[in-house]
Structure formats: structure tokens, C-alpha cells
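The values are calculated or read from the model by the stated rules, or taken from the named source; none is laboratory data. The model shown is predicted, which means the values in this text are computed figures rather than measured ones. Cβ atoms come from the backbone with ideal geometry, glycine included; neighbour counts cover every protein chain shown.
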Amino acid sequence: MIDTIAEKYRIYHVVTESRENTLKEWSVTARGILRIYLNFFYWLFHRPFKIIQIVEQFMRCLIEGFVTIIIGSVVMGMFIAWLGGYFGSLYGSINLIGPTATFGIIHEFTILLVGMLYACRVGTAFTVEIGSMAMSGQLDAQRMMAVEPIQLIVIPRVVGSVLSILLLLGISNGISLISTTLFLNLWFQVAPSTILDNAFTFLKSGTVTQSFVRIALIGFFISLNACAAGFYFNGGAIELGKATTKSIVINFIYVLIIMLITQILLTLTGFFTDAL
Amino acid sequence: MIRISNVHKSFETNKVLDNISLDIEDADTFVIVGKSGIGKSVLLKCITRLIDADTGIIYIDDEDITAASRNDLLRIRWKIGMVLQEGALFDSMNVFENVAFPLIYHKLAPMNEIRKKVFRFLDLVEMSEFVHSFPAELSGGMKRKVSLARAMIMEPKYLLYDEPTSGLDPESAGIVESLILKLKQELKITSLIVTHDIDLAKYVGEKIALLENGTITTIMTKETAFLPTSVIYKHFISNRERVHKNNENQF
């Protein structure tokens, strides 16, 4: 219970100060993100463009994201199997599980799953790594060697991310389908042939293409945001922790917004209905 | 020559540099001393334009770095080597890769020449035997030495040191001090050192400036800076003695 005016005043002051600090921090982050978008495209077309660094980052993102995405895909397959098996049995529509599960997995579920897990696993790694480079003066050291850190650090990570997330999406699609098939068989005794024989009925090539375009967009933005959170942060360990949290929060929101906008565009352009 | 003219820098309401003007002649070893947190590192970062000064002009060999385009800035920075606080070595690279990095990145020489050059500078700082070690395996003093070799590898005209001995034990600090002097004598480089280590200033400095309240209040030669009557002496040594005495009385 707040029983003195002084105590009430102190709490009011702390809350106001904390609100102002939070607003200030978020405005710095927003400016950082905007700056990195501009700098990224400026330096993308300047030499030197080191392919080897892009390959290194591609391999690194693939390896870092692989296990997380495999586990996520297996669990998601189990989830779809349970839901599809239970309601399919309840309403006698078990024969439709194959095509609907496949369509759902490729059109939406794995994009969301891979985007979120990638933001957690690879995005945060970028933020912490680049943030600790900034903290220990390594970015300044690069600038002093006439090396632009955006070229050396950011561009290879972003390009590597876009390429690796495409592959991870393909892997996730495959694992999710296998997992759904196996667990439908295990839990509801649905024969794999029932699922696989007509699994691709609802799929058109456009469905697959749009899923890869959407994940490439997600990969681009989440890796660039994660780099920005590390690149433009100031301070010590506490601030780096805050920057990492911001990186995840911003990227989750970005994934949802990109999913929403691309979905609206796909529907408005008739792509979604065509795919069906 | 580095010419700093009327440089101001503030962070929000905190005025850090207030009308700094300074000339650093070629082949000089210029030391700026001042308390911790007074803005010494900010001044170095303004000189190299790692951060932008609010107002003022900084010339590096008659080129205004404050107005340089992105490409010109990269070119001007070729002339400047910098030893940052704690060394700022790249964690993912070993000692050889750290020192060779600028040469490899800019493809300045074939690999066998780069190897020779790296070993020449690592020999100079007595770190050749640690060529395969990673920064995490090195002591603070060793990191500074490697950082010094990396700053030297581009053969810069100017070498800037940001607190090169801070946090080092007396022996390691002594080694770094000797190295700065050795490099100066062997390579005739213009050096600018910012430090609060008065022993370092005394050992390597030819001109010593005092940074106080955001501005340069005194510039003295080595001969006059450490006389008991000098402002710098009073600021650092007698102030320290006064604090000791006050504390002794309190205890």
C-alpha cells in the first residue's frame, strides 16, 4: 500500500522516467533499422563483394538453423497429425487429411515456423555477435583499416540468410510431411498411402513458388533487423541484452506482418484462389 | 600534419569537447593527458571520424576529414593506424589473420609477401611465436602488441593510441611503452596518444597537452611538463598526493 505522498511521487517519477527511456530506446532502434536498410543497399553495389564470405555465412546459418528447424518441423507434423486425425475421424473425412495437411504445411505453417525459429536462432546470434563486436571496438577497428563493416559483416550475413532460409524451408516442408504421415499412422492407424497418394491434389506450382518468395522476404528482413539491433547499439552487457530482446520482438512482429501483407496481396491478385 | 580547429562535440546536454584546437606536427609524439571520462577517446574518434564532431574542422595532411565523402574517408583512413582500447582484435581470427587482415581484404600483396610482412611486424612486437593463437588465449598486454602490429601493417603515416596501457600490469605497460618508443625511432611515425597514465606520457611524450573540462588548457614540452611547478605535474601528481593525504587523515 502506498501510504505517503513522497512514495507516490517517487513511483510516479520512476514510471515516467522508465516510459521516457523506453520510448527513447525504441526510437534509437527504429532509426538504426532505417539506417541499416539505406546503408545495406548503398554498400551492396560497391566493391569488394566477397563471395567466399557469403558462402561461409550461408553454411553457418544452415548449420545453426538446421537442428532447431528439424525439431520444430517434427513437432509441427505431430500437431497437424493429431488435429487432422482427431477431427478427420470425428467427421469421417480422414481421406482429406493428405491434401489439406500438405496444402496447409506448404502454404502457411512451415513459413511461419521457419521464420519464427530462424529469428530466434540465427537472428539473435547475429545481434549478439555484432553487438559484442561493436562493444569491443572491432567495428571501429575495421573502419580504421578502410573496411566498411556493412560490407564485411552485414551484407554476407543477410545474403547468406536469404539463401539458407530457402533451403531450410524446403527441408522443413519435407520433415513436416513425413512427421504428419508417421504420426497419423501411429496414432490413428491411417495408412501412409491414404495420405501420400493424393497429398499433392491441392498443390499448384504457384503455391510452392509463393512460399519460397515469402520466406525469402522474411529471411531478408529478419537478418537485416537483427544486424541493425547489434550494429547500432550503445552501451554494455545490459544494453546488449535489451538489444537482443528487441531483435526477437521486432522480428516476430515482422514475420507476422509479412505473412499478413503477402497473404492479402496473394488473395487480391487471385494467386491464392488460383493455387486452389 | 594533423590540424584540429575549433572542434565541439556534445552528447545530448553533455558537452564533451569544447573548442579544441591543436596542431600535431609530422614525426612528433604528442600525448594528451586527462582524467578518465573527460573525452580523450571521443577526441580520437572525432579525428578519425569514427564519430562526427558537431562543429569544427580537422585536417589530415591538408584534407578536411570532417567534410570527406564516404570514399575519401576510406582513403584518408589508410594514412592512419589506430590502437584501440583493449586491442579490439577480431575474436574469430588468430594472431596471423588479425595482423594480415587489411592486406588480405584489400588484396594489397601476394600471400607470400603478406606472410613475410606479417612476421616482420610480429617480430617487431615480439609476438611471432603466438601466430596461431586466438585473442581469447592472449593476455591484455599481448593483445595490445598484436593490435599495434595490425595498426602498423598498413604502414600508416599517423598512429593513434587510445589508452594503450590502461588495465595492464606495470611490466606489460612497460613493454608497450618501450614498443611505442621503438616504433617511433625505427619508423619515424607521427604518434598521438591519449591516456591518463602519466608514466606513459613521461616516457614517450615529446609534447604533452592537458585536456580539462572539454578543452585543451595547456601544451608543454617533455622538459617542462614534469617540473614540480608545471600545471600537468600539479594536476596529476600533486592532486594524487593531496587525495592520499586527505584519505589518510579521514581514516
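When B:LEU183, B:LEU210 are screened for being in a strand (DSSP E or B) and either more than 27 Å from B:ASN19 (Cα to Cα) or within 18 Å of the chain's Cα centre (by Cα) (or both), only B:LEU210 passes.
Scanning the stretch B:189-203 for residues that are over 12 Å from the mean Cα position of the chain (by Cα) and buried (at least 24 other Cβ atoms within 10 Å of the Cβ) yields nothing. Among the conditions (1) exposed (fewer than 15 other Cβ atoms within 10 Å of the Cβ); (2) free of Cβ contacts under 8 Å to residues at least 12 places away in the same chain, B:ASP61 misses just one, which is (2). With the condition kept exactly as written, say whether any residue in the stretch B:128-135 is within 14 Å of chain A (Cβ to nearest Cβ) and more than 19 Å from A:PRO149 (Cα to Cα). For the stretch B:128-135, residues within 14 Å of chain A (Cβ to nearest Cβ) and more than 19 Å from A:PRO149 (Cα to Cα): present.
If you go through the stretch A:187-230 and pick out every residue that is over 16 Å from A:ILE111 (Cβ atoms) and touching a residue at least 40 places away in the same chain (Cβ under 8 Å), you end up with 20.
Each residue in the stretch A:76-97 was checked for being more than 19 Å from A:SER193 (Cβ to Cβ) and either free of Cβ contacts under 8 Å to residues at least 60 places away in the same chain or loosely packed, with under 13 Cβ neighbours inside 10 Å (or both), and 6 of them qualify. Return the total of residues in the stretch A:211-236 being more than 21 Å from A:PRO149 (Cβ to Cβ) and surrounded by fewer than 22 Cβ atoms within 10 Å (Cβ to Cβ). Counting residues in the stretch A:211-236 that are more than 21 Å from A:PRO149 (Cβ to Cβ) and surrounded by fewer than 22 Cβ atoms within 10 Å (Cβ to Cβ) gives 4. In the stretch A:204-221, the count of residues that are more than 14 Å from chain B (Cβ to nearest Cβ), closer than 22 Å to A:CYS61 by Cα and touching a Phe, Trp or Tyr at 6+ places or on another chain (Cβ under 6 Å) is one or more.
Only one entry in B:PRO164, B:PRO156 is within 14 Å of chain A (Cβ to nearest Cβ), surrounded by fewer than 21 Cβ atoms within 10 Å (Cβ to Cβ), in contact (Cβ under 8 Å) with a residue 12 or more places away in the chain and assigned to a loop (DSSP other than H, G, I, E, B), namely B:PRO156. Test A:ALA125 against the stated conditions and say whether it is small (Gly, Ala, Ser), surrounded by 14 or more Cβ atoms within 10 Å (Cβ to Cβ) and within 16 Å of the chain's Cα centre (by Cα). For A:ALA125, the condition - small (Gly, Ala, Ser), surrounded by 14 or more Cβ atoms within 10 Å (Cβ to Cβ) and within 16 Å of the chain's Cα centre (by Cα) - is met.
Look at (1) over 25 Å from A:VAL28 (Cβ atoms); (2) surrounded by fewer than 20 Cβ atoms within 10 Å (Cβ to Cβ); (3) not hydroxyl-bearing (Ser, Thr, Tyr) and you find that B:ASP52 fails only one, number (1). Residue count for the stretch B:29-71, restricted to those that are modelled with pLDDT of 90 or more and more than 27 Å from A:PRO149 (Cα to Cα): 5. For residues that are touching a residue at least 24 places away in the same chain (Cβ under 8 Å) and under 22 Å from A:GLY32 (Cβ atoms), tally how many sit in the stretch A:141-164. Looking only at that region, the number is 15.
Count of the stretch B:132-148 residues, restricted to those that are surrounded by fewer than 17 Cβ atoms within 10 Å (Cβ to Cβ) and either free of Cβ contacts under 8 Å to residues at least 40 places away in the same chain or β-branched (Val, Ile, Thr) (or both), is 4. Looking at the stretch A:113-203, the helices (runs of 4 or more DSSP H) lying wholly inside it that each contain 1 or more residues that are away from chain B (no Cβ under 14 Å) sit at A:124-135, A:155-188, A:192-196. Consider B:LEU73 carefully, then state whether it is free of Cβ contacts under 8 Å to residues at least 12 places away in the same chain, surrounded by 13 or more Cβ atoms within 10 Å (Cβ to Cβ) and of a type outside the set (D, E, K, R). Taking the combined requirement at face value, the residue does not satisfy it. For B:ALA173, the conditions (1) among the small types (Gly, Ala, Ser); (2) within 14 Å of chain A (Cβ to nearest Cβ); (3) within 18 Å of the chain's Cα centre (by Cα) are fulfilled apart from (2).
Considered as a group, the residues in the stretch A:25-58 that are of a type in the set (D, E, K, R) and surrounded by 10 or more Cβ atoms within 10 Å (Cβ to Cβ) include one that is farthest from A:ILE222 (Cα to Cα), and that residue is A:LYS50. Within the stretch B:78-101, residues that are more than 7 Å from chain A (Cβ to nearest Cβ) and surrounded by fewer than 23 Cβ atoms within 10 Å (Cβ to Cβ) sit with their Cβ atoms under 6 Å from residues that are part of a loop (DSSP other than H, G, I, E, B) and among the basic types (Lys, Arg), at 6+ positions apart or across chains, in these pairs: B:LYS79/B:LYS157.
Under the condition of being over 20 Å from A:GLY72 (Cα atoms) and surrounded by 18 or more Cβ atoms within 10 Å (Cβ to Cβ), the residues counted in the stretch A:164-193 number 1.
Only a single criterion out of (1) more than 10 Å from chain A (Cβ to nearest Cβ); (2) closer than 25 Å to A:PHE49 by Cβ is not satisfied by B:ARG70, namely (1).
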